[in-house]
Amino acid sequence: MCGIVGYVGKRNAQDVLLDGLEKLEYRGYDSAGVALALDGGICVVKSKGRLTALREKLAAQQLAQSFCGIGHTRWATHGEPSVVNAHPHYSRDQKIAVVHNGIIENYIPLKEELQANGVVFRSETDTEVVAQLFDYLYDGDLVGTLIKVLHRIRGSYALGILCTDYPDTLLAVRKDSPMIVGLGEHENYIASDIPAVLDHTRKYYLLGDNEIALIKADS
Ligand code: GLU
């Protein structure tokens, strides 16, 4: 169980996410990654090892500014530490991106069911099943689709979700794994631990088990 940070607001999400993930480094991790909402889709960048490797990879790509994104530091439970197994995980054509802390206990039958319906998986993780299942069930309604996903998955989770149809919105939920919503001025955050947002705000809301947060810059 490692670190999650999400941001939506007026600043460069990439910088806010990297700084937030750095604050969670003390928890240990084997890989890291971010998903950023950009014009024309979600960009996912991941790396194995230290956060500096991710910083360098992002700097080399010189992406356009993004104002909404999710980041993760991973402590592998299912699948070896690698770039492919690092989070965020994403669905076909990167429509849905997901970061996850915890363990999806019934990921094998879910994965088999989705594969039988033609879904192609990339990683060995339990987490990818959430991204693929969300995409498979997606009907344009973020909260409605998440509720359907929650009815199917078992285990422990803090989830941060991004969807290309809503590039100014973060979706979050948790069960048996911590997650807070940090409240700023015209910007908001999600984080698995308070230190990730303390530089920006002292106001935060502790999500309850299976309580869903739909977060925009002003709401
Ligand atoms: N079970 C997930 C994985 O192995 C999440 C691990 C974590 O909490 O960092 O990718």
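The values are calculated or read from the model by the stated rules, or taken from the named source; none is laboratory data. Just so we're clear, the structure is a prediction, and the values are computed from it rather than from any experiment. Using ideal geometry, Cβ is built from the backbone for each residue, glycine included, and neighbour counts are taken over all protein chains shown.
Annotations
- Taking residues in the stretch 183-211 that are more than 12 Å from Tyr7 (Cβ to Cβ), and partners anywhere that are polar (S, T, N, Q) and assigned to a loop (DSSP other than H, G, I, E, B), the pairs with Cβ atoms closer than 9 Å and at least 6 places apart or on different chains are Leu183/Thr201; Glu185/Thr201; Ser192/Ser177.
- Residue in the stretch 14-26 that is within 16 Å of the ligand (Cβ to nearest atom), more than 13 Å from the chain's Cα centre (by Cα) and modelled with pLDDT under 95 present: yes
- Taken together, the residues in the stretch 167-210 that are within 16 Å of the ligand (Cβ to nearest atom) and out of contact with any helix residue (DSSP H, G or I) (no Cβ under 7 Å at 6 or more places or on another chain) amount to 10.
- Residue list for the stretch 29-78, filter: of a type in the set (Val, Ile, Thr) and crowded, with 19+ Cβ neighbours inside 10 Å: Val34, Ile42, Val44, Val45, Ile70, Thr73
- Residue, nearest to the chain's Cα centre (by Cα), within the stretch 61-75, restricted to residues that are part of a strand (DSSP E or B) and more than 13 Å from the ligand (Cβ to nearest atom): Ile70
- Ile42 aliphatic (A, V, I, L, M), away from the ligand (no atom under 11 Å from the Cβ) and either under 20 Å from Val173 (Cβ atoms) or in a loop (DSSP other than H, G, I, E, B) (or both): yes
- Against the conditions (1) in contact with a strand residue (DSSP E or B) (Cβ under 8 Å, 6 or more places away or on another chain); (2) within 16 Å of the ligand (Cβ to nearest atom); (3) not in a loop (DSSP other than H, G, I, E, B), Lys111 satisfies every one except (1).
To keep it simple, each residue is scored yes or no on (1) within 23 Å of Thr164 (Cα to Cα); (2) within 16 Å of the ligand (Cβ to nearest atom); (3) touching a helix residue (DSSP H, G or I) at 6+ places or on another chain (Cβ under 8 Å).
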| residue | (1), (2), (3) |
| --- | --- |
| Ala32 | yes, yes, yes |
| Leu38 | yes, no, no |
| Ala53 | no, no, no |
| Thr77 | no, yes, no |
| Ser82 | no, yes, no |
| Ala86 | yes, yes, no |
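Let's see how each residue does on (1) closer than 25 Å to Ile180 by Cβ; (2) more than 11 Å from the ligand (Cβ to nearest atom):
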residue: Ser47; (1), (2): no, yes
residue: Ala59; (1), (2): no, yes
residue: Arg92; (1), (2): no, yes
residue: Asn101; (1), (2): yes, no
residue: Gly144; (1), (2): yes, yes
